[in-house]
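Here's the structure, in structure tokens; my notes come after.
Only the coordinates and a few stated rules stand behind these numbers; no lab work does. The structure presented is a predicted model; accordingly, all values stated were derived computationally and were not measured. Glycine also receives a Cβ, built like all others from the backbone with ideal geometry; neighbour counts cover every protein chain displayed.
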Amino acid sequence: MGVDKAGKKTSRFKFIRKSTLRTADDSTTQELEAPVDDIEDDSTPAPEGEEAGDLQDEPDTQDETNTQDETNTQDETNAQDDLPGQDSLPTESLQDELLRQDSSPIVVTESPQEEAEMQSMFPTSDSPAQEFASIAEIDRADSPVEDPEVILKNLQETFQNIIDDKLANIPLRLIDTHSGILYTSNDLEGIFKESEEYQQLYENLLTTSVSKLQRRVDEFFRYAMLSHKWASAKDEPQYWQIKGSVYEMDAPLEIRKLQQFCTTSKREGYRWAWSDTCCIDKTNNAELQESIISMFAWYKDSAITIVYLADVSDISQLKDSQWFKRGWTLQELLAPQFIRFYKQDWQPLIDSDKNHKVELLSILHDITRIDVDVLKAFVPGVDNVKKRLSWVGSRTTKKIEDIAYCLMGIFGIHMPVMYGEKHNAFVRLQKEIMALTDDLSLFDWLGESSTLHSYFAAHPRCFMTPSYDARQDSTSSKFEFRLLKTSKRITSGLSSSALKIVKDVLSNPPHGRFIANGRMSMPFFVHEVVTLIPNQDKPGMLSYLVKAEGLSELEVIVTQRLVPLYGKNPSHKYRVVRMWDASLIQRSGSTSIEAVDASIVDNPESPEPPTTEDSPKQEKEKEKAKEKGKDKDKDKGKDKDKEKEKEKDKDKDKESWVGRSKDLVADFVADMVTNSTAAAFIRRLQEPFVAQLLCSPGDKQPWRRVGTTIRVIAHASSGSINFRAPENVIVH
């Protein structure tokens with residue numbers, strides 16, 4: 001080894017510096033090796049083409065070293081600045097950049113072992129092309145910067161997916177409010193891609209966030225929806241009548257309404273508009289079905305819904321508008337987020353640029369009787385079934401099937417649209433609801449039953465009666481049964497076999513309802529009717545007095561005449577039934593059972609449960625007395641052997657007492673918990689309940705529900721605590 005002028009040891013090994021030169025004629029890669037000697041490990045490599053001896057002859061000054069450091073630092077900074085990023089396209093090839101980054105020196109170590117280790121870390125290549133490929137592969141794997149071409153391609157796909165998703169969730173046809181031309185969704189994609197806005201977004205994909213792309217696409221396809229009461233079909237402009245611009249049409253009669261709607265939408269700043277009169281090809285069954293199923297979502301996603309009130313010239317007339325009496329306009333009120341009401345002269349109903357749905361919230365509540373919170377933020381679902389069905393009870397539709405189809409969005413249900421099925425559409429809707437919920441209010445209706453199935457209502461108007469709360473009747477004079485003060489007394493009124501049935505029901509409750517081949521299997525508490533006779537106090541009415549097992553006499557007013565039941569061998573059979581309700585069972589964590597027991601403790605007049613000879617309390621007292629006696633014998637004994645014997649006997653007796661007391665306490669607690677649960681269950685069965693009347697024309701004949709005009713409220717007979725297990729009944 002040599003020594004430089006500064007007295008430092010120099011290495012006999014050389015630094016190798018690689019560089020890549022690309023000519024204009026070809027892209028041949030040349031490797032140049034520049035031997036460098038007598039350089040410190042921390043020093044900058046010598047420039048290409050200089051020999052080690054030349055460097056040794058030059059003075060090794062600090063200024064030169066600093067100058068070289070600054071030069072190399074600047075080169076590295078420039079190299080980093082030239083690297084392509086996500087927001088800019090590369091000006092040079094990626095391979096050149098990767099090779100330029102790889103131009104750092106390769107240090108060859110001094111010992112053969114170190115040299116072998118370095119060769120294993122940096123294996124040599126057979127050719128420059130192979131070396132370039134291996135270097136590029138290593139750098140591509142380690143570098144967090146992806147290939148800009150791949151990034152651009154992914155962004156283009158993302159942009160197209162955003163457009164496709166948007167077109168899939170807007171109406172199938174929209175009117176251009178600027179030109180008045182009716183376009184399909186496929187046309188809309190072409191129009192967007194030809195727009196200047198699309199070109200700007202597409203050219204700047206690398207510098208545009210995905211959220212901005214989504215926002216700009218949403219803004220371009222914002223649309224307005226028209227809500228109105230239809231005139232006669234011949235007066236409304238249909239799809240097949242739209243030829244060219246709607247602004248240039250002078251027929252049919254209601255074309256002016258469509259023109260005013262488009263003009264108003266344009267004035268409000270919306271390029272696209274939709275009307276159910278001309279934007280649906282009703283001769284195409286597939287398109288018609290898709291439009292009806294998607295209509296709720298279209299209104300919900302609209303930028304604005306313009307409600308035209310042709311019969312309103314002043315806000316005082318709003319409550320009498322026919323718009324509130326049509327079936328389809330219910331979802332057109334609930335679904336949109338932003339609504340503007342316009343009078344018959346196409347002037348705003350109120351002087352406000354804000355959301356009229358919010359501004360008129362209290363008035364809309366008074367007219368529709370729909371809760372304010374629901375009007376503000378409606379959510380489709382199958383909860384509160386009776387209430388949701390009642391909203392459309394007083395509304396009408398021109399086609400019978402539409403009274404069911406207009407409710408699909410309200411319940412979030414999709415089912416095939418089949419015009420011609422008439423009343424079966426509403427039955428199908430009720431079946432779909434029943435399959436998704438356990439809400440028994442679906443069967444809490446009055447009036448005529450459907451001719452297709454007796455347990456389904458014929459029309460939504462059957463649900464317009466208020467829901468019944470059994471607690472309101474709990475203090476009625478008819479409710480003569482009074483709850484006993486302790487669970488032990490309640491359950492003691494039942495036989496052991498009946499109590500076992502109660503516990504079996506609690507441990508294995510009935511399953512839900514299902515329909516097969518037009519027959520519905522439903523779990524009921526059944527009370528067989530003993531007599532059913534006409535009510536002489538109400539002549540001219542279909543009123544009957546019914547006496548059923550375990551119930552007080554009750555009155556039913558029905559929609560059809562019934563065959564009286566009295567005497568032996570009746571031609572018809574009747575049952576008063578109570579539907580199984582899962583809420584009858586007290587679940588774990590419920591406080592209602594604890595409340596019953598707490599009321600017993602709080603009430604000093606409540607008698608304590610009588611104790612028996614084998615009760616834990618008496619056993620505990622006996623054991624305590626025995627223990628005290630044994631303690632006294634232990635103190636008196638002087639003989640150690642006798643004391644040990646007594647101690648052994650004491651431990652044995654104590655062990656026996658503990659075991660017996662644990663078993664007794666466990667059995668007692670389990671029995672009391674079960675009895676308390678059973679008592680709470682029986683207590684709820686004794687409360688007044690909504691009942692239905694079933695009729696069968698004879699033995700082995702199907703049971704059918706009898707339609708009633710008033711709700712049937714049944715009460716347990718005085719002092720009756722007879723338990724009847726629920727049973728599955730097949731009804732038609």
Treat every Asp and Glu Cβ in the range 239-393 as -1 and every Lys and Arg Cβ as +1, leave all other atoms uncharged, and give the resulting dipole magnitude about the Cα centre to the nearest 20 debye. 200
Would you grab the residues whose amide H sits under 5 Å from the one on residue 530? Only those 5+ places off in sequence or on another chain, please, with H modelled 1.01 Å from N. 547, 548, 549
Long-range amide H contacts for residue 689: which residues qualify at under 5 Å (H placed 1.01 Å from N, peptide plane, sequence gap of 5 or more or a different chain)? 714
In vacuo Debye scattering of the range 155-379, one point per C-alpha: log10 I(q)/I(0) at q = 0.16 Å⁻¹? -1.16
Residue by residue, what Karplus-based ³J(HN,Hα) values in Hz, rounded to whole numbers, does the range 525-536 have, using 6.51, -1.76 and 1.60 with θ = phi - 60° and x for Gly and Pro? 8, 9, 10, 5, 7, 8, 9, 9, 10, x, 7, 5
Modelled FRET efficiency - R0 41 Å, residue 572 with residue 504, Cβ distances, 0.05 increments: 0.80
Among 199-209, 549-559, 168-178, how do they line up by average Cβ neighbours within 10 Å per residue, starting with the highest? 168-178, 549-559, 199-209
The range 152-267 shape via C-alpha gyration tensor axes, a/c threshold 1.5: prolate
Expected output is a single nm value to one decimal: the length gained when fully extending between residue 729 and residue 369, i.e. 0.36 nm times separation in residues minus the C-alpha distance. What is it? 125.9 nm
Going by a ≥ b ≥ c, the root eigenvalues of the Cα gyration tensor, does the range 380-467 fall in the rounded group (a/c under 1.5), the prolate group (a/b larger than b/c) or the oblate group? rounded
Taking θ as phi - 60°, what are the ³J(HN,Hα) couplings along the range 353-360 by the Karplus curve (6.51, -1.76, 1.60), each to the nearest whole Hz, with x for Gly and Pro? 8, 8, 6, 5, 5, 7, 5, 10
Determine, for 681, 456, the number of other Cβ atoms within 10 Å of each Cβ, and report the residues in order from fewest to most. 681, 456
Point-to-point label distance, residue 352-residue 289, nm (Cα→Cβ direction, 7 Å offset): 4.2
Descending packing, highest mean Cβ count within 10 Å first, for 405-412, 352-359 is 405-412, 352-359
Quick check on my link table: of 319/376; 386/503; 300/422; 229/376; 325/431, which ones sit more than 30 Å apart, alpha carbon to alpha carbon? 386/503
Can you compute the FRET efficiency between residue 154 and residue 379 using 1/(1 + (r/R0)^6), with r the Cβ-Cβ distance and R0 = 35 Å? Round to the nearest 0.05. 0.45
Under the 0.36 nm per residue contour assumption, what length would be gained going from the current alpha-carbon distance of residue 186 and residue 316 to full extension? 42.4 nm
Would you mind computing, in nm to one decimal, how far apart the modelled labels at residue 214 and residue 243 are, each placed 7 Å from Cα along Cα→Cβ? 4.5
Amide H neighbours of residue 703 under 5 Å, counting only residues 5+ apart in sequence or on other chains, H built in-plane at 1.01 Å? 732
For a test of the definition: using alpha carbon positions, the gyration tensor, and the 1.5 limit on a/c, classify the range 283-357 as rounded, prolate or oblate. prolate
Label model pair residue 179, residue 400: point-to-point distance (7 angstrom along the Cα→beta-carbon line) in nm is 4.5
Just want to confirm a number: the relative contact order over the range 144-267, from Cα pairs under 8 angstrom separated by 6+ residues, in percent. 28
Length added when fully stretched, residue 438-residue 267, from 0.36 nm per residue minus Cα-Cα: 56.7 nm
Vicinal HN-Hα couplings computed from phi for the range 415-432 (Karplus, 6.51 cos²θ - 1.76 cosθ + 1.60; Hz; Gly/Pro x): 8, x, 9, 9, 5, x, 7, 6, 5, 5, 4, 6, 5, 4, 4, 5, 5, 5
